Amino acid sequence: MTGESAAFDWDAVVFDLAGFDTARSMMTRLWNLLAGGKDNYATDEEFCGRALEVCPRLVMLARYRLVFRARAVRALVAECGMEQLLVAGTDLPLHSEVHQIAHGLNPGARVVYADGDIWITTMAEALLAPAPGSVCGYVTAGLEDPAALLEGAARWLDLDRPVGVVLLNSLDVLPDNAAAAAAVDALRAALAPRSVLVVCHLVDDGDDGYGTALLEALGAGWYPGLALPRSRAAVRHFLAGTTLLWPGLVPAPRWRPELFWPGQPDTAGLWCGLGQLPHPVPLSELIDLQRPVLMPVEHKGLGVVTPSPCCPGRRARLTVVDLFGLESGPRVTVRRRCAGCRRPYRLRLLGTADNPRGVIWEPRWRRG
């Protein structure tokens, strides 16, 4: 399955619900209900009914988060070359699931679903099974206990190699900023360089009635297990120090839309971004890179801004000195100096990207 809606036969799966709290609404079930799913209970429908009276845009948010999830997984596997994915916070099955998209692009990719709620992981293990020959793992541990989450994920994933970590509104349900930041820090400390964090989070900047309505609709943080919108600055902090993939941290509809038209709603209550963990590159590797690498490019007037290759964390302006077209795609030759050590380099960017604002290039670095 690569993207078509799938109807799951729940009657064919028997669960022992003893000990499961089905009376209290859980955000996982609420997202499923808001996106058109049927896997919920009367309490969920009652809560959603009240929430939608306060904030009708919740339905649009739920749909855009799934669209972003699909785009992000494609970017992880097809562009970043990720062969290992960790979904920290699992959705109930609906359509275009993470493993379906990943295995459609790379059947050898390994996908692990993790959640702190045993009810969710039981459902995932029964209904999110991989196709023959592909691998999925299931871990009953969430971001509230990142050590247990990582220990469980290590049974399927090699944490010494890059991992794409999908945090689709799973940080929202942590009770305070300190707990959320601690969870992200624990993940980043355990992940290999060039791993990528996928963050999707509800946002309330308090600058309009929409954010206030969103916060009120979800209980303003008074109900355990429900989402707590945070400020844009707090969400940006989760990706601090990473290299943001184009287009950065933006409202969900603006993250690499297939089509965009003036007046399209920003859905400002849901912000998304992908950040790649830094990787120190020895100077010897800068002379001739043998494989494509991720080079996010941000245009600034007549120049281009890109991360410094030899001094991680620094950014420098590239001055375009030659731009012309080739049959194989555009080629840009630029002359630059590292923002940190000021070493001169020449950089040739090759690619056939149809969007010049952010691409993956095959660079060949030479001393200037």
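The values are calculated or read from the model by the stated rules, or taken from the named source; none is laboratory data. Please read all numbers here as calculations on a predicted model, not as lab measurements. Ideal geometry is used to build each Cβ from the backbone, glycine not excepted, and the neighbour counts take in all protein chains shown.
A few remarks follow.
- Verdict on R50 being in the same structural domain as E216 (by TED's automatic domain parsing), surrounded by 16 or more Cβ atoms within 10 Å (Cβ to Cβ) and at pLDDT 80 or above: no
- Of all residues in the range 165-183, those satisfying the criterion of being out of contact with any Lys or Arg (no Cβ under 8 Å at 6 or more places or on another chain) and without any contact (Cβ under 8 Å) to a residue 60 or more places away in the chain are L174, P175, D176, A178, A179, A181, A182, A183.
- Scanning the range 81-94 for residues that are touching a strand residue (DSSP E or B) at 6+ places or on another chain (Cβ under 8 Å) and buried (at least 20 other Cβ atoms within 10 Å of the Cβ) turns up M82, Q84, L85, L86, V87, A88, G89, T90, D91.
- Single residue of the range 211-233 satisfying the filter (in a helix (DSSP H, G or I) and surrounded by fewer than 16 Cβ atoms within 10 Å (Cβ to Cβ)) that is modelled with the highest pLDDT: A233
- Search result, residues across the range 153-164 that are surrounded by fewer than 24 Cβ atoms within 10 Å (Cβ to Cβ) and touching a residue at least 40 places away in the same chain (Cβ under 8 Å): W156, L157, D158, R161, P162
- Residues that are in a helix (DSSP H, G or I) and under 25 Å from R232 (Cα atoms) within the range 138-185 comprise P146, N177, A178, A179, A180, A181, A182, A183, V184, D185, listed in sequence order.
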